[in-house]
Amino acid sequence: DAGVTQSPTHLIKTRGQQVTLRCSPKSGHDTVSWYQQALGQGPQFIFQYYEEEERQRGNFPDRFSGHQFPNYSSELNVNALLLGDSALYLCASSGTWGLPEYFGPGTRLLVL
Amino acid sequence: KQEVTQIPAALSVPEGENLVLNCSFTDSAIYNLQWFRQDPGKGLTSLLLIQSSQREQTSGRLNASLDKSSGRSTLYIAASQPGDSATYLCAVRLDSGTYKYIFGTGTRLKVLA
């Protein structure tokens, strides 16, 4: 079992550009959540996808959007990048209700 | 608004010590609480999950307790080792209709050999 995988591992963009991050959930998991973790902070919830629909969203602007595919993998898209979007982006997957969430290794995004 | 606080922010101890990490939350109506470990620049590893109906969970040298009424959880690490050095995060899920976790800012632990 490969666990939760994310790609790419690192990414450098400039202000105003757009970025797409990818996540494959742990085998058997059907729910994917995305979190943003700024340096020295705890992760902040961006949104969660279940059955290809956004089920819940945190306090992030519409520049942050996502998608879930029929195989449960997911993408996070961020438009019009700002310097403040520089962070570690974490994907988490879960399955049966109440069991632990499994996190991927993250994508480190640097916006210059 | 639920807020999660972790004290201390950083901790340095000699190898072999038993230690306690603290987590407090402002809204006691939680669904569950999870403790995570994060190594520098890496993702999160789930250590222990405590459902709201439970008082504690144990895994090896780790024991986590939950006191909902006081809004507190503690993570006890027995006989600490240098390999335990990492940031420890606690996170709460509010209720069955809320799917997000709210995280504290973590405790950075360094165990000295």
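Only one of these conditions is not met by A:Asp85: (1) over 12 Å from the mean Cα position of the chain (by Cα); (2) open to solvent by 20 Å² or more (accessible area, probe 1.4 Å); (3) at pLDDT 95 or above. Which number is it?
So A:Asp85 meets the others, but not (2).
Under the condition of being in contact with a Ser or Thr (Cβ under 8 Å, 6 or more places away or on another chain) and farther than 20 Å from A:Ser94 by Cβ, which residue from segment B:41-59 is most open to solvent (accessible area, probe 1.4 Å)? Can you show your working first?
From segment B:41-59, those in contact with a Ser or Thr (Cβ under 8 Å, 6 or more places away or on another chain) are B:47-48, B:50, B:55-56; that's our starting set.
Those left that are additionally farther than 20 Å from A:Ser94 by Cβ: B:55-56.
Details: B:Arg55: 163, B:Glu56: 107 Å².
Checking each candidate, the answer is B:Arg55.
Before we move on, is A:Arg57 within 14 Å of the chain's Cα centre (by Cα), under 21 Å from A:Gly84 (Cβ atoms) and surrounded by fewer than 21 Cβ atoms within 10 Å (Cβ to Cβ)?
Values: within 14 Å of the chain's Cα centre (by Cα): yes; under 21 Å from A:Gly84 (Cβ atoms): yes; surrounded by fewer than 21 Cβ atoms within 10 Å (Cβ to Cβ): yes.
Yes, satisfied.
When only residues in segment A:1-31 that are within 11 Å of another protein chain (Cβ to nearest Cβ) and β-branched (Val, Ile, Thr) count, which is farthest from B:Ser46 (Cα to Cα)?
A:Thr9
From the list B:Gln34, B:Gln2, pick out the single residue that is part of a loop (DSSP other than H, G, I, E, B), open to solvent by less than 20 Å² (accessible area, probe 1.4 Å) and within 14 Å of chain A (Cβ to nearest Cβ).
Numbers: B:Gln34 fails: part of a loop (DSSP other than H, G, I, E, B).
None of the others qualify; the one that does is B:Gln2.
Looking for whichever is small (Gly, Ala, Ser) and in a strand (DSSP E or B) here; the options are A:Gly66, A:Gly42. Which one fits?
Values: A:Gly42 fails: in a strand (DSSP E or B).
Criteria check complete, one pass: A:Gly66.
Mind checking which residues of segment B:74-113 are surrounded by 15 or more Cβ atoms within 10 Å (Cβ to Cβ), over 15 Å from B:Ala9 (Cα atoms) and polar (S, T, N, Q)?
Selection gives B:Ser80, B:Thr98.
Sort out which residues of segment A:90-106 are open to solvent by less than 60 Å² (accessible area, probe 1.4 Å) and facing chain B (nearest Cβ under 10 Å), and write them in order of number.
From segment A:90-106, those open to solvent by less than 60 Å² (accessible area, probe 1.4 Å) are A:90-95, A:98, A:100-101, A:103-104, A:106; that's our starting set.
Residues satisfying the conditions are A:Leu90, A:Cys91, A:Ala92, A:Ser94, A:Gly98, A:Pro100, A:Glu101, A:Phe103, A:Gly104, A:Gly106.
Among what's in segment B:96-113 and is among the hydroxyl-bearing types (Ser, Thr, Tyr) and more than 25 Å from B:Ala79 (Cα to Cα), pick the residue that is modelled with the highest pLDDT.
Pass one, segment B:96-113, residues among the hydroxyl-bearing types (Ser, Thr, Tyr): B:96, B:98-99, B:101, B:105, B:107.
Adding the requirement that they be more than 25 Å from B:Ala79 (Cα to Cα) leaves B:96, B:98-99, B:101.
Numbers: B:Ser96: 67, B:Thr98: 76, B:Tyr99: 80, B:Tyr101: 92.
Out of the qualifying residues, it is B:Tyr101.
Report, by residue number, each residue of segment B:41-75 that is within 12 Å of chain A (Cβ to nearest Cβ), outside any strand (DSSP E or B) and free of Cβ contacts under 8 Å to residues at least 12 places away in the same chain. Write out each step before concluding.
Restricting attention to segment B:41-75, the residues satisfying the condition of being within 12 Å of chain A (Cβ to nearest Cβ) are B:41-54, B:57, B:59.
Still in the list and also outside any strand (DSSP E or B): B:41-43, B:52-54.
Result: B:Gly41, B:Lys42, B:Gly43, B:Ser53.
Exactly one of these conditions fails for A:Ser27: (1) assigned to a loop (DSSP other than H, G, I, E, B); (2) out of contact with any Asp or Glu (no Cβ under 7 Å at 6 or more places or on another chain); (3) more than 18 Å from A:Leu110 (Cβ to Cβ). Give me its number.
For A:Ser27, the exception is condition (2).
The values are calculated or read from the model by the stated rules, or taken from the named source; none is laboratory data. Keep in mind it's a predicted model, so treat the numbers as computed, not measured. Cβ: placed from backbone, ideal geometry, glycine included. Neighbour counts: every protein chain shown. Only protein heavy atoms, including side chains, enter the accessible area calculation; ligands, DNA and RNA are left aside. Shrake-Rupley method; radii C 1.70, N 1.55, O 1.52, S 1.80 Å.
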